[in-house]
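Undergrad: So that we are looking at the same thing, I have put the structure below in structure tokens.
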Amino acid sequence: MVAIPKPAGALDRGGGQGNRLPVSQRASQPDPFWYTAKTRLLGPPLVNEQLGEQRLSKPLALGVLSPDGISSSAYGTEEILIALVPIAGIAAFTLILPLTLVILLVMTLVVLSYREVVMVYIKPGGSYVVARENFGPRVAQICAVALLIDYVVTVAVQIAAGTAAVASAIPAIGPYKLEICIGVVLLMCYGNLRGLKEAGKAFAVPTYLFAGSVILMILIGLVREVIGNLHPVDPATMHGTYALGSGTEGILTGVMIFTLLRAFANGGASLTGIEAVSDAVGAFHPPEGRNARKVLIAEGIILGVLVAGIGWLAHATHATPYIVGYPTVLAQEAQIVFGSTFAGHAMFYLVQLATMLILYTGGNTSFNGFPFLTSYVAGDSFLPRWLLKRGHRLVFSNAIIVLTIVSVALLIIEDADVNRLVPLYAIGVFTAFSMAGFGMARYQSRHRTPGWRRRQVINFSAGVLTAIVVAVFAVVKFAEGAWVVLVLFAILVPALIRMNREYSAEGEVLETISENQPPPPPHYARRTIFVFVDGFDLATLAALRYARSLRPTSIRAVHFVIDSVRADKLREKWTRANRGVTLDFIDVSDRRLTRAAAELVEREIADPGTHVTVVLPRRSYSALLGRLLHDRTADKIAAVVSRIPRSAATIIPYDVESRVRVLQERHAAKIAAESGDVADQQTRVEEAEVADKHATPNGDKPPAKARGLLKRREPEPCGPDGLPLEVPSQDAAVTPIGSLSGPGRAVVEGRIRVVEIKPVERNSVLACEISDGTGTLTALFYGRSHIPGIVCSARVRFKGSVGIKDGHPVMINPAYELIFPAV
């Protein structure tokens, strides 16, 4: 017997606890294999109270939030040269200077625009929040799609560029750059699923290391240029680089203008990541907006110095991009500037190490930004709500996995080539810039704070200029992959709006229902339950037991005949088992089970006073095995039946493995009990002989306690199928329920058939109906919504006052004891 914790005044049979265990201990289920594996891989689950927030100082924020923006300077200049060198030839190293100045002008306007964003919008979300607040949530989905694309491509571009930096230092790994990129992305995914935080000092190191080493390289290059000790290389003598074009003859021709626009569009990749500060304004120390503005300006200055310096060194050294992507232009500049001495080699490797670290760290920022953006958009009901769910380690695991899958697929498709990835990059980035600029201009015109005209001009100019960049990029990069981004915009924006329309319609219906008084519960003159039977097994028996617990007017078991041989075998088993329920066979010659089920239900509800419930037993296995063994027929039937008025479908899952294990344990216990009975009989004979020898002079025998007789509880009675029966207790202290005819105190024992939670005024009542084969009794537990162990099919004993209500015995807050747990 298993006892459960009792409330005050609960039934206590006296004596020690013996072998009794709390139900909570007995009922605890082992963790599934996948959960155990996840725990070992990711660590123990975190609780919500551990979801903390770290405030950032300005130096730490600059290091943590700037890698995405600052690291883009590592490949921006190279992308400009890739567009110029094949057409302009050696003149490309002159044209790069004015193009760099134009890019710096765009960067200045973007930084000035985002200065206003961080002062006004402190909550996270950046461009998306600006667009939503000023243009409405639907227009904001353009910005949402732009940022989602940006985050995905950021991972691919940053990781590919970081691996190219490693290959520049160690050329032997170049052929394996795709495999390395995929491994790095998977490693980042694993780290972020474990709860990797960006707000640590370790993530600030790459920013300062890269900025410091590259600025040092620029300064040394300037000094060597001044003293005349910096000599350019001859691109014609380099093998594997892009071939030099014919030169600048006809610079105003259509081809050259198109080339300059392509080069400008490529160089725009240097500006990606500037908006990262605006996404985390709330993480700064107060005053958040002012501190975020200072960090944003500092990031803009550092990025401007790096872009200008790397561009000027490319002009001075003639560092030429390679077709395979390595050594990079930045690596060539470091090699030329630092020279071939030991210290020069050390500095070269330091620059490559810093470049790798900041690019990988910049890629990791997407694993933080993407999940939070999807949670914001999902919170506005424009993305699936499962993206709002935090996982095992309090991170948005679903979004992290989606980002990993898409970015890995992108790397594979583009072969981890930065130049092939860039066309997918800047459209999303500059679309977000443009919407932020126009949004802030609209904000200024509405609120008209002091100096609003100047701010409006800045923001509107930034919006116009970045919109022009988007248009230029879409045209000149269309054939190189920009068309994919345009198609994604055309598909995803309407899809997100459509999803929001569905959520809104559902919300309006729920709101209407909640505002009105709920209708009275329907009263049907007849309730019919159909149990759809596919085979005679334990799952079917469990479904029948559940159907009986609903106390319907009639129960009918139905088998849809597809295979006549199988149907005959089922008929034979059903007749032999004699479960007291008629099994109907319905021929389905066209094998359309869902249609046959719907027609059966519709015929039954032809009477307006009839309600039909369809019970569908289903054998449950592990998730993977279940997909292999089941075609989800029960789900399909349930979906069809649920659409029919006055009908409902209930799927009864039956865990085969655990139930078989329980029945095997019971069978083993029964055998052990029978063996124990034989031993007890022998013990009684021996004790009787001893008692006869020690009888008192008048012939009386010592009391039972002296004879040491052993009292044992009989095993739970079961039927031929191994399932428990509803039979009266053999204990003399227990009163059969059928004999209760009036008020008084009693002890009853039976199997739980129904457990319900009923609202009573402002309280709740747990109603529990038990049966012992002679009758039924209802126990009411006021103020309770759940009692461990009090579940259907458990065998319990109640002790308390009995009353009669509507001809049925009732107990209120009785003492209770669990005799046998649920099957």
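Undergrad: Could you tally the net charge around residue 556, taking each other residue with its Cβ under 13 Å from the Cβ of residue 556, Lys/Arg +1 and Asp/Glu -1?
TA: Residues near residue 556 contribute +3 overall.
Undergrad: Which whole-Hz couplings ³J(HN,Hα) result when phi for each residue of segment 230-246 is put into the Karplus expression 6.51 cos²θ - 1.76 cosθ + 1.60, θ = phi - 60°, listed in order with x for Gly and Pro?
TA: 10, 9, x, 8, 9, x, 5, 8, 8, 9, x, 8, 5, 5, 6, x, 7
Undergrad: Can you tell me the dipole magnitude for segment 49-188 around its Cα centre, using point charges on the Cβ only (Lys, Arg +1; Asp, Glu -1), in Debye to the nearest 20?
TA: Value, rounded to 20: 240 debye.
Undergrad: Using 0.36 nm times the number of residues separating residue 509 and residue 585, minus their current alpha carbon distance, what extension gain do you get?
TA: 23.3 nm
Undergrad: Shifting gears a bit: What is the set of long-range amide H partners of residue 558 at a cut-off below 5 Å, with H atoms built 1.01 Å from backbone N?
TA: The answer is 531, 532, 533, 584.
Undergrad: Using 23 Å as the Cα-Cα cut-off, could you pick out the over-long pairs in 201/294; 177/389; 177/477?
TA: 177/389; 177/477, as the Cα separations exceed 23 Å there.
Undergrad: Quick check: convex hull over the Cα atoms of segment 320-405, volume per residue in Å³, rounded to an integer?
TA: Working: hull volume 12.1 nm³, N = 86.
In segment 320-405, the Cα convex hull volume per residue is 140 Å³.
Undergrad: If we sort 272-285, 423-436, 730-743 on the protection proxy, mean other Cβ atoms within 10 Å, highest first, what's the order?
TA: 423-436, 272-285, 730-743
Undergrad: Then there's this: Can you give the extra length, in nm with one decimal, that the chain gains between residue 57 and residue 599 once fully stretched, where that is 0.36 nm per residue apart less the Cα-Cα distance?
TA: Answer, rounded to one decimal: 188.3 nm.
Undergrad: Can you give the FRET efficiency to the nearest 0.05 for residue 122 and residue 298, using r as the Cβ-Cβ distance and R₀ = 25 Å?
TA: Numbers: r = 19 Å, r/R0 = 0.76.
The calculated FRET efficiency here is 0.85.
Undergrad: Simple spin-label model, 7 Å along Cα-to-Cβ: residue 537 to residue 346 in nm?
TA: 7.2
Undergrad: Compute the length gained on full extension between residue 190 and residue 651: take 0.36 nm times their separation in residues and subtract their Cα-Cα distance, giving the result in nm to one decimal.
TA: Full-extension gain reported as 162.3 nm.
Undergrad: A further question on this structure: Taking θ = phi - 60°, what integer Hz values does the Karplus form 6.51 cos²θ - 1.76 cosθ + 1.60 yield along segment 333-341, in sequence order, with x for Gly and Pro?
TA: These are the phi-based 3J(HN,Hα) values: 4, 4, 5, 6, 5, 7, x, 9, 6 Hz.
Undergrad: What residues have an amide H closer than 5 Å to that of residue 819, excluding those fewer than 5 places away on the same chain, when H is modeled at 1.01 Å from N in the peptide plane?
TA: For residue 819, whose amide H was placed from the backbone, the distant partners under 5 Å are 795, 796, 797.
Undergrad: May I pose another question? What FRET efficiency, computed as 1/(1 + (r/R0)^6) with R0 = 45 Å and r the Cβ-Cβ distance, is obtained for residue 498 and residue 573, rounded to the nearest 0.05?
TA: 0.35
Undergrad: Work out from phi, with θ = phi - 60° and the Karplus expression 6.51 cos²θ - 1.76 cosθ + 1.60, the ³J(HN,Hα) of each residue of segment 636-652, listed in order in whole Hz, and give x for Gly and Pro.
TA: 5, 5, 4, 5, 6, 5, 5, 8, 8, x, 6, 8, 8, 10, 10, 8, 9
Undergrad: Over the heavy atoms of residue 294, what accessible area does a 1.4 Å probe trace out, to the nearest 10 Å²?
TA: 110
Undergrad: Collect residues whose amide H, placed 1.01 Å from N in the peptide plane, falls under 5 Å from the amide H of residue 284; neighbours closer than 5 in sequence don't count.
TA: 56
Undergrad: Residue 194 accessible area, nearest 10 Å², 1.4 Å probe?
TA: Rounded to the nearest 10, that gives 90 Å².
Undergrad: For the pair residue 305 and residue 741, how long in nm is the line joining their label points, each one 7 Å along Cα→Cβ?
TA: A separation of 10.1 nm, rounded to one decimal place.
The values are calculated or read from the model by the stated rules, or taken from the named source; none is laboratory data. Source: prediction; values computed, not measured. We place every Cβ from the backbone using ideal geometry, glycine too, and count neighbours over all the protein chains shown. All accessible areas refer to the heavy atoms of the entire protein, side chains included, with ligands and DNA or RNA removed. Shrake-Rupley method; radii C 1.70, N 1.55, O 1.52, S 1.80 Å.
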